[in-house]
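Each remark here refers to the structure printed beneath this line.
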Amino acid sequence: MTAVSAVVAGTGGEPAAVAPAERGATTIADRVIAKIASQAAREAVGTLPPGAAPPHASVTVRHDAARVRVHVELDYPGDIGGRCRQVRRRVVDRVRDLADMAVPEVAVQVERLHPAAALAAEQGRTR
């Protein structure tokens, strides 16, 4: 193995400083952002109804901005719009905090509603 390093003339053999613009870039894979978004959606949804699949996300990243689509299953009756709003806020906050990436769009798709009557029947209660 050989190591190559630039030496600045007259500095006694110290490595040359590399300008910030020439140091390279850090890229974060779309699937990493999707995992962050999925976990954020799980945190926002809270306890899942029995038989519900955990939230999952798909992401498209372009120029430090992520467009996210989150698929969730929710219990019903409930404030579906409010729950979707919580998911959007949580996804935007977590992606911004963990990946330092803007999220101009979060589409929340409710895949399935789990009725409360089914939950009560599973627990042996009926109305």
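The phi torsions of segment 21-30, fed into the Karplus equation with coefficients 6.51, -1.76 and 1.60 and a -60° offset, translate into couplings of 5, 9, 7, x, 9, 9, 10, 10, 5, 4 Hz, rounded to whole numbers, with Gly and Pro shown as x. Which log10 I(q)/I(0) values, to two decimals, does segment 29-120 give at q = 0.24 Å⁻¹ under the Debye formula with one point per Cα? Listed by q, the Debye log ratios stand at -1.12.
May I ask you to give the average projected area over all directions of the convex hull of the Cα atoms of segment 18-74, in nm² rounded to one decimal? List each step's numbers first, then the result.
Details: hull surface 19.1 nm².
Dividing the Cα hull surface by four gives the mean projection, 4.8 nm².
Throughout, read-outs are computed from the coordinates displayed, never taken from laboratory work. This structure is a prediction, so every number in the text was calculated from the model and none was measured.
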